[in-house]
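A short worksheet on the structure shown next.
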Amino acid sequence: MAHYDFKTIEAKWQKNWADKNLFKVTEDESKEKYYVLEMFPYPSGKLHMGHVRNYSIGDVIARYKHMAGYNVLHPMGYDSFGLPAENAAIKNGVEPAKWTWSNIAEMNVQLRRLGLSYDWDRTVATCHEEYYKWMQWIFIQLYKKGLAYKKENPVNWCPSCATVLANEQVVDGCCERCGSVVGKKSLSQWYFKITDYAEKLLSNLETMDGWPNKVKIMQKNWIGKSVGAEVDFEIEGFDRKLKVFTTRPDTLYGVTYMVLAPEHPYVEQLVEGTGYKAAVDEYLDKVEKMTDIERTSTTNEKTGVNIGRFAINPLTGKKVPVFISDYVLMDYGTGAIMAVPAHDQRDFDFAKKFDCEIIPVVDPGNPDIDINNLEAAFVAEGTMINSGQFDGMNNKAAIEKIIDHLVETGIGKKSINYRLRDWLISRQRYWGTPIPMIHCDDCGWVPEKEENLPVILPTDVEFTGKGESPVATSKTFVDTVCPVCGKPAKREIDTMDTFLDSSWYYLRYCDARNREEAFNYDKVKYWMNVDQYIGGVEHAILHLMYARFFQMALYDMDLVTTDEPFKNLLTQGMVIKDGKKMSKSIGNVVSPDEIISKYGADTARLFILFAAPPERELDWSDAGVEGSYRFLNRVFRLVTDMEDRVKAGADTYELKTSADKSLAYEMNATIKKVTEDAGGRFNFNTAISSIMELVNELYRYKEEKEINNSLLKAAVENMVKVLSPFTPHICEEMWEILGHTESIHNESWPVYDEKALVKDEVEIVIQLNGKVKEKLSVANGLSKDELQKLVMERDNTKELIGEKTVVKVISVPGKLVNIVVK
C-alpha cells in the first residue's frame, strides 16, 4: 500500500510548476479571459490563516476556470509601503527597505508552499521604484485634470504616529493603527477631489449585481447623498450671507437660532472688536482639543457660545441669534446649520439650555403631543402650521413648494449634498511614495517633469518617530530646481497615503513589466475588469471606494476601457478560534507553517474550504483538520489500490449492473455539483462534501464482484480532476500514478451526463398519519395514481392499515405516500 508522503509530494510538484512556469499567462484573443484577484497583503513577514483562506478561495476559482477553458489571469504582489516598516526602523534600527524586502522574501516562500497558481512573473511590490514611478505619474495626471489640490485645513493628527489620518482611519476618536487619541492640527495638505465623482460612485452601485448588498449599502451610506435646499441667511450688520444646507426646507419657519462651526471663516470677522471675542477665543481653544467623535456625540452635554450677532430668517424676517457650538463641523455641509428646536432633539436641548424660542411648524395630529407646551422635539410629519402661506399643506408636499418659493425670491436653490469628503492623501511619514510636486517661490506648486520620474525616496534620513517627516532630515532630497523656470525650489516632503498604491495595482498586473508606461492600453482592454475580486469586508469603504474613484478618473482620461474595476466581489469571513478572532494576546493563533509542516498544504486548504461557506466566519477546529487529513489519505489509498484497474480501463464504458448505474449516477452528480459550486456559487464546502460522497461510493464499488474497469477509470479520474482545484499537489501525484504525463492543471474540466442523473429507481417513504413506517424502492417516473395503486396493493401496506378506515391517500411521485386513517 502506497504511503501518502505529503512533504515529498508537495515539494516535488511545487518545483515542477516553478520549473515549467506552469501558471504563466499571456493575452489570447481566441479564449475568453477570466481575471481572478485576491487583495494583496502587507508584507508583515508571516501569513496568517485569514490569508490562507483568502488565497485558497481565489486559487480554487482560478484553477477551475483554467480547466474550464478560460485564459486565466491570477497574479499576486505586495502592498509594501506603510507605517510598520518605519516603526521597525525606529525600534530596531533596521532600514525600512531591508525590513520590507526580507519579509517579502519570507512570504514568497510561504505562498509557494500553499501551491497557489499565481503567474509569478507579474508580481509587483508597491515599494519598488518601477511601481511607484507610475504611481507618481498617475498623481501628476490627476493633478493636471484638476483632481489633486493642496489646501490648509484642520486635519486629524495622531500625536503618537506624528502623521495625518484620513477620516476613515479614525475609529472611535482614536488612530486605527496605534490606538492613540486623535486631535486636530492645521496643516497644508494634498487632497484628491473624490467628491467630483460622488454621484457616479453612488449611481454605479445600482448596476453592480455581482457585489454583496451589505458592501453596496456601506458605500451608499458613506457617500451619504442628501437632497434639499441651500438657503441664504443675511447677518445683521455683515456684508456676506450665510449659506445653509437643509433637507427639510418645510421647517424653515421654525428656525429660531443659527449655529456655526467654531472653525467657520466668518466667526473671527463677526466677533472682531466686540465684547464677545474673549469668550469665543476661549471656546475655540477648548474645541481644538476635542475629536470629531466627541464633538458629535449625542450623549454629551450641549455647549456653545453666543457671538452677539443676529441672522435674519429669510421667510419670516425675524432676527435669530447666532451661536458657535462644537457639534457643528466645518467638514460637513456648509459649516453652518439652521436650528429648528421643535423638530430636532439636539436643537431642542440646545434651545432649552440657551433659552431660545421653540416654534412648532408641523402639527402631527397626535393627541399625545401638546405642540404648544413641548417637553421634547418630535418628528415633523403632518400639517403645516405657523408657516404663513403654506399653512394647511401636508409638510411633504410643502417641501417642493417652499423650494420653488426660495428660487423665485432669490434666497435659495434646490441642492444636493454629500457626506463624502475629498480624500486627504498627504502623510508625514517616510516609507511611502514621494509626492512628485515642487514648490517654487515664483511658480507656486508644479509637478516634476515626467521624464525625471521616479522621484526616488532618499536613504540619508533619520528615524526619530517624532516631529516632521524623516524625509525632511535628508540633505540631498529637499533642495532642487523648478521644472518650469529653473530657479531654486523645494520638493514636497510628504509621502502619499498607501491607499493610493492599492487603488490601481490590479491594472499594473495586466502589464507588470512595462518600463515605458503604467500599463498598455490594449492589454488592460483585454484583461479588465477584474471578474472576481476577493477580500475582507473591512475594506468595503476605504480601499474599494478609492479603487473605484481611480478607475473612473482614469476612464475619463481615456487610459482604461471600463469605469468600474471589479465586476464581482466576494467578501470572505474571518477565521476565528474558540469563538474569538485569532490574536497573539489571547493566545489562540494557529500558524499556517505549523499546519503545513504537520499535515501538508493540501490538508490546510481542504479544511479551510470545507469548514464553512466563504462569506461566513470559520471557526478553527483541530479535529476538522485531522478529518481532512484522514480523507486525503483515504483518497490516496483508493487511487493507488485501483491503479492497475484504472490503467486497464478503456476510454468509454457501458453500464451493465445496478452497481454500475449507481456509480455512474454518483460520478455525474458530483461533477454537476462541483461545477456549479466552484463555477459561480462558490459553496466550496458542499462541493467538497459531494466529492466525499463519490469517494464513499467508489469504496463500495471496489468491493463488487463484477467491476467495470472502464467505468472505474472514468469515476476515479473524474474524482481526481474535480478535487484538484482544492488540493492540487496530491491530485497531480495521483494523476501521474494513473499513468498521465501532463499536468492535471491543463486537463479539461469534466462534463456531466444529464441522462445518467435520471435513476431507474427512486426511494420513497410510506407514512401512516404523517409518521414514516417504511421505505420502498420503486420505478422512477411513476404517476401519482400509479404510485398510489402500487403502494396500496402491497401486503405490507394492508397489514399496516389493519382494521382502520382509510380517510384519504396523499401521493407525491418520487417522494412519499401518506395514508390517513382513523
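Screening Ala380 with (1) assigned to a helix (DSSP H, G or I); (2) within 15 Å of Leu252 (Cα to Cα) gives one miss only, at (1). Restricting attention to region 499-533, the residues being closer than 16 Å to Asp119 by Cα, under 15 Å from the mean Cα position of the chain (by Cα) and of a type in the set (Phe, Trp, Tyr) number 1. Checking each residue in region 339-355 for being open to solvent by 20 Å² or more (accessible area, probe 1.4 Å) and either part of a loop (DSSP other than H, G, I, E, B) or aliphatic (A, V, I, L, M) (or both) picks out Asp344, Asp355.
The listed residues are Ile730, Ile737, Ile671, and the only one of them that is touching a residue at least 12 places away in the same chain (Cβ under 8 Å), open to solvent by less than 10 Å² (accessible area, probe 1.4 Å) and more than 27 Å from Ala779 (Cβ to Cβ) turns out to be Ile730. Answer yes if at least one residue in region 148-171 is open to solvent by 30 Å² or more (accessible area, probe 1.4 Å), among the basic types (Lys, Arg) and not in a strand (DSSP E or B), and no otherwise. No, region 148-171 contains no residue that is open to solvent by 30 Å² or more (accessible area, probe 1.4 Å), among the basic types (Lys, Arg) and not in a strand (DSSP E or B). In the set Lys200, Lys241, Lys193, only one residue is touching an Asp or Glu at 6+ places or on another chain (Cβ under 8 Å) and within 18 Å of Lys318 (Cα to Cα); that residue is Lys241.
If the condition is being assigned to a helix (DSSP H, G or I) and either open to solvent by less than 10 Å² (accessible area, probe 1.4 Å) or in contact with a helix residue (DSSP H, G or I) (Cβ under 6 Å, 6 or more places away or on another chain) (or both), then region 114-134 contributes Arg122, Tyr131, Tyr132.
Does Gly304 satisfy the criteria of being over 30 Å from Cys175 (Cα atoms), open to solvent by less than 70 Å² (accessible area, probe 1.4 Å) and either over 36 Å from the mean Cα position of the chain (by Cα) or among the charged types (D, E, K, R) (or both)? When the stated conditions are applied, Gly304 does not pass them.
The selection criterion, being open to solvent by 30 Å² or more (accessible area, probe 1.4 Å), in a helix (DSSP H, G or I) and small (Gly, Ala, Ser), does not hold for Ser44.
Scan region 214-265 for residues that are open to solvent by 10 Å² or more (accessible area, probe 1.4 Å) and in a strand (DSSP E or B) and report the count. The qualifying residues number 9. Number of residues in region 456-472 that are in contact with a strand residue (DSSP E or B) (Cβ under 8 Å, 6 or more places away or on another chain) and open to solvent by 10 Å² or more (accessible area, probe 1.4 Å) equals 2. Within region 721-822, considering only helices (runs of 4 or more DSSP H) that don't extend past its boundaries, which have at least 3 residues that are in contact with a strand residue (DSSP E or B) (Cβ under 8 Å, 6 or more places away or on another chain)? Fully inside region 721-822 and qualifying: 784-792, 795-801. Residues in region 314-337 that are more than 45 Å from the chain's Cα centre (by Cα) and either at negative phi or basic (Lys, Arg) (or both): Pro314, Leu315, Thr316, Lys318, Lys319, Val320, Pro321. Residue-level check: of (1) free of Cβ contacts under 8 Å to residues at least 24 places away in the same chain; (2) of a type in the set (Lys, Arg); (3) within 30 Å of Ser621 (Cβ to Cβ), Lys7 misses just (1).
When Asn568, Asn588 are screened for being modelled with pLDDT of 95 or more, touching a strand residue (DSSP E or B) at 6+ places or on another chain (Cβ under 7 Å) and either surrounded by fewer than 17 Cβ atoms within 10 Å (Cβ to Cβ) or within 23 Å of Ile688 (Cβ to Cβ) (or both), only Asn568 passes. As for region 65-74, it holds no residue that is closer than 21 Å to Pro592 by Cα, touching a residue at least 12 places away in the same chain (Cβ under 8 Å) and surrounded by 19 or more Cβ atoms within 10 Å (Cβ to Cβ).
Taking region 384-404 as the range and being touching a helix residue (DSSP H, G or I) at 6+ places or on another chain (Cβ under 8 Å), buried (at least 16 other Cβ atoms within 10 Å of the Cβ) and without any contact (Cβ under 8 Å) to a residue 40 or more places away in the chain as the test, only Met393 passes. For region 598-618, a tally of residues being in contact with an Asp or Glu (Cβ under 7 Å, 6 or more places away or on another chain) and either in a loop (DSSP other than H, G, I, E, B) or among the basic types (Lys, Arg) (or both) returns 1.
Working only within region 537-558, note down all residues that are open to solvent by 10 Å² or more (accessible area, probe 1.4 Å), farther than 12 Å from Ser502 by Cβ and either of a type in the set (Asp, Glu) or touching a helix residue (DSSP H, G or I) at 6+ places or on another chain (Cβ under 7 Å) (or both). Across region 537-558, the qualifying residues are Val537, Glu538, Ile541, Asp556, Met557, Asp558.
Contact annotation: residue pairs with Cβ atoms under 6 Å, 6 or more positions apart or on different chains, pairing a residue in region 80-92 that is in a helix (DSSP H, G or I) with a partner that is among the hydrophobic types (A, V, I, L, M, F, W, C) and open to solvent by 10 Å² or more (accessible area, probe 1.4 Å), are Ala85/Trp99; Ala85/Trp431; Glu86/Trp431; Ala88/Val94; Ala88/Trp99; Ala89/Phe463; Ile90/Phe463. The combined condition, being open to solvent by 40 Å² or more (accessible area, probe 1.4 Å) and more than 46 Å from the chain's Cα centre (by Cα), is fulfilled by Glu272. Return yes or no: is Tyr599 more than 24 Å from Tyr70 (Cβ to Cβ), in contact (Cβ under 8 Å) with a residue 40 or more places away in the chain and surrounded by fewer than 22 Cβ atoms within 10 Å (Cβ to Cβ)? So Tyr599 passes the test. Evaluating Arg309 against the criteria (1) open to solvent by less than 70 Å² (accessible area, probe 1.4 Å); (2) in a loop (DSSP other than H, G, I, E, B); (3) not polar (S, T, N, Q) leaves one unmet condition, (2). Checked against the criteria, Met719 does not count as among the aliphatic types (A, V, I, L, M), modelled with pLDDT of 95 or more, open to solvent by 30 Å² or more (accessible area, probe 1.4 Å) and under 45 Å from the mean Cα position of the chain (by Cα). State which residue is nearest to Tyr506 (Cα to Cα) when the search covers only region 18-41 and only residues that are touching a residue at least 24 places away in the same chain (Cβ under 8 Å) and in a helix (DSSP H, G or I). Restricting to residues being touching a residue at least 24 places away in the same chain (Cβ under 8 Å) and in a helix (DSSP H, G or I), the top hit is Ala18. Just so you know, in region 275-286 the residues that are closer than 14 Å to Gly308 by Cβ, among the hydrophobic types (A, V, I, L, M, F, W, C) and surrounded by 13 or more Cβ atoms within 10 Å (Cβ to Cβ) include one that is farthest from the chain's Cα centre (by Cα), and it is Ala279. Residues that are charged (D, E, K, R) and either in a helix (DSSP H, G or I) or open to solvent by less than 90 Å² (accessible area, probe 1.4 Å) (or both) within region 367-377 comprise just one, Asp370.
The values are calculated or read from the model by the stated rules, or taken from the named source; none is laboratory data. The structure displayed is predicted, hence computed values, not measured ones. When we count neighbours, we look across all protein chains shown, and the Cβ atoms used for this are built from the backbone with ideal geometry, even at glycine. Areas reflect the complete protein model, heavy atoms only, side chains present, ligands, DNA and RNA absent. Shrake-Rupley method; radii C 1.70, N 1.55, O 1.52, S 1.80 Å.
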